[in-house]
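Comments concern the structure below.
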Amino acid sequence: MNKGEFSALSIAGLLVAHCAGMVDLVVLPVWIGALINKFGFSAQEAGGLVTGFLLGAVVASATIAPLFNRLPRRLVAGSGFIVSAVAFAICARGPGAVTLAALHVVAGVATGIGLSFVHGAFGRSKNPHRLYAISGIALGAFAAVVLGGLPVSVSAYGGQVVFLVIAAAMGIAGLAIYMAYPADARMTKQHPHHVGKFPPILWRAIFGICLMTFNNAMIFSFLDVIGRERGFADGQLAIVFVVMGFLNFLVIAPLAAVLEKRIRAENVMVAGPLAQLAIGGLITNATGFPVWAGAAVLYTGVLILTHTFAFGFLSKEDPSGRAVAGTPAMLMVGAAMGPFLGGVLGQAFGFEVLAIAAAVIGISASLTFLSLRRRTPVPALAE
């Protein structure tokens, strides 16, 4: 794929698929909450089910990303989302625990494949940072719409609503990819230089992103559960989710686009994990609704802002698109373990202890990103 401008239709299709593929960032607390409150799973079991989905996505993305320039992208990406839609639709029928776990893994693998090809296309656009920031705006709008009604719908109609909503999103994404994925004419044979190993700086950046997504998932997964444990009502939680979506839509993602040329990416990447651990500490320990809600609505936005700069950083270091094609693996490898560890710690010691784990992980992420500022610049991988 030659770097260049995509058509408006292609961009729209990629954005739709991005929103569906990143659905865990949107509905994770409601998903976990439904598994616990409506299906009767423990916090550890619910975290394990979602971990199965995320691990499937990680393995699929890590495997498929190096093949981004070699496979029929439209067919592979679209089919991935359709398979995921079917798997989630079956989940809504309430199968047994073993079948439900298997379906989560299948859906994760399929989603990881589709999303890898979406993010690989992002990386080959004329301005990957800007396009990823726009995708953050789209994801925020998607979150505002979905979270505005999903918690109430789950309370009224049951936990299967979560699976039906995710299935619908995946199905629409599959159709959007089939119709609007950037034309094959934009794709060129992989340049010989694209098959070389990534320089160490890329692996350090990827590791730091994984740590941030781990922290995000560990706490965000149990946002609904923690809120109910504090005694907050359904209406209060719904307000938090709606404001969170609009904040990401109206402020965070546009801010990432505006600041692209004004702030060095490495600086944002160093500060992001520190802000994340501080806000996470408030979520897990605050008992008053105003403080808790203020922290909750900001939490995911920190990851969105930081990862947008990290996405642009990786795109510049590796113009081939292979590194950012692995974005689902980066985002979900940490997220895969976060719900499980959060469930284990929360069930054993109380959710307040998550603040300690978040502090250790957040400081490690910040130090990892700090090493990027002290590096000797290396040439970007060749076009």
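Work out, step by step, the length gained on full extension between Leu75 and Thr99: first 0.36 nm times the residue separation, then minus their alpha carbon distance; give nm to one decimal.
This chain segment gains 5.9 nm when fully extended.
For the chain, state the average projected area of the convex hull of the C-alpha atoms over all orientations, rounded to one decimal in nm².
16.5
Could you compute the FRET efficiency for Val291 and Ala168, with r as their C-beta to C-beta distance and R0 at 41 Å, rounded to 0.05?
0.70
Hey, what's the Cα Rg ratio for the range 47-150 versus the globular rule of thumb, 2.2 N^0.38 Å?
Working: Rg = 15.1 Å, N = 104, 2.2 N^0.38 = 12.8 Å.
Cα-based Rg divided by the globular estimate yields 1.18.
Hey, with R₀ at 22 Å, roughly what FRET efficiency would Tyr157 and Ala233 work out to, going by the Cβ-Cβ distance, to 0.05?
Details: r = 19 Å, r/R0 = 0.84.
E(calc), rounded to 0.05, equals 0.75.
For the chain, how many pairs of lysine residues have a Cα-Cα distance under 25 Å, where the two are 8 or more positions apart or belong to different chains?
The number of close lysine pairs in the chain is 13.
Would you mind computing, in nm to one decimal, how far apart the modelled labels at Thr63 and Asn127 are, each placed 7 Å from Cα along Cα→Cβ?
My value for the distance between the label points is 3.7 nm.
What distance in nm lies between label points placed 7 Å from Cα along the C-beta direction at Val145 and Leu282?
Spacing of the two 7 Å Cα→Cβ label points: 3.0 nm.
Just want the ordering: Val152, Val109, from fewest to most Cβ atoms lying within 10 Å of their own Cβ. Kindly include the intermediate steps, with their values, before the conclusion.
Numbers: Val152 15, Val109 24.
Going from sparsest to densest Cβ surroundings: Val152, Val109.
Measure off 7 Å from each Cα along the Cα-to-Cβ vector at Ala183 and Glu352, then give the distance between these two points in nanometres to one decimal.
With each label placed 7 Å out from Cα toward Cβ, I get 6.2 nm.
All of the numbers you see were taken from the coordinates with simple rules; none came from a lab. Everything numeric in this text was worked out from a predicted model, so none of it was measured. Cβ coordinates were reconstructed from backbone atoms using ideal geometry, including for glycine residues, and neighbour counts include every protein chain displayed.
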